[in-house]
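Chemist: My questions will all concern the structure given below.
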Amino acid sequence: MRINDQITLQDWELSESFTRATGPGGQNVNKVSTAVELRFEAERSPNLPAAVKARLKRLAGRRWTQDGALILRVEETRSQARNRDIARKRLAELITQALERPKPRIATRPTLASKRRRLETKAHRATVKAMRAPPKNGL
């Protein structure tokens, strides 16, 4: 499976299993295995650099297993072939997202004017809330 010019996934890295889908679909759901579970051995993949694997793991979230595989389950359509295509497309999109390096954040300090504005609004809110309080007994 080709991702871009540099990255091509080999057949041993991908495995598919088919199960019955849930939801509406009549008798077709009960007898045909249309749901696709695509398993990509990401941790063992020689084609992905370590930084890309780390970003892919963060993007995958709960779909990342303890043994370093990425599992995508698709049961959107009633066709097994279309579900297969959707799963492969999603895997390619995830990998291309992981290929993009995040822009490094440059730490900045708040300006003096923004500090003053924040303190002024804070003081204003304090006076508004103080005016809501019932009058004190001493008056």
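Where a number appears in this text, it was derived from the coordinates with a stated rule and is not lab data. Quantities reported herein were computed from a predicted structural model and do not represent experimental measurements. Cβ: placed from backbone, ideal geometry, glycine included. Neighbour counts: every protein chain shown.
Chemist: Could you work out how far apart the two model spin labels at SER17 and ALA92 are, taking each label as a point 7 Å from the Cα in the direction of the beta carbon, and quote it in nm?
Modeler: 2.6 nm
Chemist: Now, a different point. Multiply the residue gap between ALA54 and ILE71 by 0.36 nm, knock off their C-alpha separation, and tell me the result in nm, one decimal place.
Modeler: 4.6 nm
Chemist: Label point 7 Å out from MET1 along Cα-to-Cβ: which residues of region 92-127 have amide N under 12 Å?
Modeler: Counting backbone N atoms under 12 Å from the label point, the list is 92-96.
Chemist: What lysines does LYS103 reach when the alpha-carbon gap must be under 26 Å and sequence neighbours fewer than 8 apart in one chain are set aside?
Modeler: Once the sequence-local lysines are set aside, what remains near LYS103 is LYS53, LYS57, LYS89.
Chemist: Find which of ASN30, PRO49, ALA126 sits farthest along the positive direction of the dipole of the chain, computed with +1 on the beta-carbon of Lys and Arg, -1 on that of Asp and Glu, about the Cα centre.
Modeler: Projecting each Cα onto the dipole axis, the largest value belongs to ALA126.
Chemist: At R0 = 30 Å, how high is the FRET efficiency between ASN47 and ALA81 if r is their beta carbon distance? Nearest 0.05 is fine.
Modeler: 0.70
Chemist: Oh, and also: As a test of understanding, state the convex hull volume per residue of the chain from its alpha carbons, in Å³.
Modeler: Hull volume normalised by residue count: 260 Å³.
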